[in-house]
Amino acid sequence: MQLLKSLKLVHYEHPTHRNPRLHRRHKLLAKLSEQLELARNSSYQPTKTQFVADAEGNMQQVQRSKRIRRWWDIKADGTVQLTIRYGSKPLELAKGKNAVEIASEAELVGTLEQIRAAVEQGELDELIEAQAAWRNRVNTIKAEKLS
């Protein structure tokens, strides 16, 4: 009991909402980690868990492979163009520019690690928010047309 008396005890307050900026950052970091694994190992195939009904109607848990699209493309001259995607669209890194050009495929892993470090530090938060705002605007316009 001496330990409890020496500690400052408080009532835990569970946060009522998540920080959307951090949520978007972690979502992009998860996708960047998949791209890093794919760049290191071309046969990398992540799995996802699904529940499937068998012939008798019982639900069983099954591991299925997930499809990943590469974010980079190798050009005829050997250069690599890397896009950073949030959702299905590439982020616009500068006005009218949405790809990073790399001299060779050997530099791809290092560049992805640098980008991951920048995302962890929050350097791409504004770009992610702009992409998310554009998506929300498009969805609002679609909803208004259906009404």
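The values are calculated or read from the model by the stated rules, or taken from the named source; none is laboratory data. Keep in mind it's a predicted model, so treat the numbers as computed, not measured. Don't worry about glycine lacking a Cβ; one is built from the backbone with ideal geometry, like all the others, and counts go over all protein chains shown. Just the protein is used for accessible areas: all its heavy atoms, side chains included, with ligands, DNA and RNA removed. Shrake-Rupley method; radii C 1.70, N 1.55, O 1.52, S 1.80 Å.
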Task: Qualifying residue in segment 50-69 (condition: under 24 Å from Ala130 (Cβ atoms) and either assigned to a strand (DSSP E or B) or open to solvent by 50 Å² or more (accessible area, probe 1.4 Å) (or both)) - done: yes
TODO: Search segment 78-101 for residues being closer than 22 Å to Lys27 by Cβ and among the polar types (S, T, N, Q), and hand back the single one that is least open to solvent (accessible area, probe 1.4 Å).
DONE: Thr83
- [ ] Out of the residues in segment 21-46 that are of a type in the set (S, T, N, Q) and not in a helix (DSSP H, G or I), state the one that is surrounded by the most Cβ atoms within 10 Å (Cβ to Cβ).
- [x] Gln45
TODO: List every residue pair whose Cβ atoms lie under 9 Å apart, where the two residues are 6 or more positions apart in sequence or sit on different chains, the first residue falls within segment 44-63 and is more than 25 Å from Ser33 (Cβ to Cβ), and the second residue, located anywhere, is open to solvent by 60 Å² or more (accessible area, probe 1.4 Å) and among the charged types (D, E, K, R).
DONE: Val52/Arg64
